[in-house]
Amino acid sequence: MDRQKVVGIGGIVLFADKADALANWYERHLGLFFTREPDSHEWWCDFGGLAFSIHQAKHPLAHDRRQVEITWYVNDLDAFTEQLAELGVTLAERQETPDGDFAWLDDPEGNRVELWQSPGM
C-alpha cells in the first residue's frame, strides 16, 4: 500500500477571545467578507476551497498561545500598506527580498499577519 500524505490545506481556524470583533477587523482592514450562521460566533470565508475562519474561544486564551502567522497575498503592497496606515494600522516591519515584498503586523488579538507581494508585480 502506498503511503498516504496530505494533499493540501482545507482551512485555517483562528480561535479568538472576541471573535465578532476580530472578524470585523479582518473585514475592515484586509477586505475579507465573512459568512456566519445567525446567533453564531463562527465566521468563515472561502478562497476557492480554502476556508479561513474565526471561532469564539470557549475559554480565555493565554497571550503566549497566539503563535500563528498567516501570509496573505496582495497585488500592490505599497497601496495596501498605505490603506492600512489610513485606518490607523502600524506595520511592525517591511522588507523587500528576491522572493517578493513583505510587510508584517499584528491583528487585535496578537496573531501575526504577513502581507506578501510576489516578485515582478
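Data overview
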read-out: In the stretch 4-22, the residues that are within 25 Å of T90 (Cα to Cα) and either in a strand (DSSP E or B) or free of Cβ contacts under 8 Å to residues at least 40 places away in the same chain (or both); value: I12, V13, L14, F15, A16, A19, D20
read-out: Residues being out of contact with any Ser or Thr (no Cβ under 7 Å at 6 or more places or on another chain) and more than 21 Å from L22 (Cα to Cα) - total across the stretch 95-109; value: 7
read-out: L22, sole failed condition from (1) buried (at least 17 other Cβ atoms within 10 Å of the Cβ); (2) more than 12 Å from the chain's Cα centre (by Cα); (3) hydrophobic (A, V, I, L, M, F, W, C); value: (2)
read-out: Subset of the stretch 70-118 (residues that are on the phi > 0 side of the Ramachandran plot and in contact with a helix residue (DSSP H, G or I) (Cβ under 8 Å, 6 or more places away or on another chain)); value: G110
read-out: Whichever residue in the stretch 52-86 is surrounded by fewer than 14 Cβ atoms within 10 Å (Cβ to Cβ) and of a type in the set (G, A, S) and, among such residues, is modelled with the lowest pLDDT; value: A62
read-out: Qualifying residue in the stretch 27-34 (condition: at pLDDT below 90 and of a type outside the set (D, E)); value: no
read-out: Residues that are within 17 Å of L32 (Cα to Cα), in contact with an Asp or Glu (Cβ under 8 Å, 6 or more places away or on another chain) and not acidic (D, E), drawn from the stretch 88-116; value: N111, R112, V113, W116
read-out: Single unsatisfied condition, S118 versus (1) more than 15 Å from the chain's Cα centre (by Cα); (2) loosely packed, with under 11 Cβ neighbours inside 10 Å; value: (2)
read-out: Qualifying strands (runs of 3 or more DSSP E) (wholly inside the stretch 23-121; at least 2 residues being within 25 Å of G10 (Cβ to Cβ), without any contact (Cβ under 8 Å) to a residue 12 or more places away in the chain and in the same structural domain as I9 (by TED's automatic domain parsing)); value: 42-47
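The values are calculated or read from the model by the stated rules, or taken from the named source; none is laboratory data. Just so it is clear, the structure is predicted and the values come from calculations on it, not from any experiment. Cβ atoms come from the backbone with ideal geometry, glycine included; neighbour counts cover every protein chain shown.
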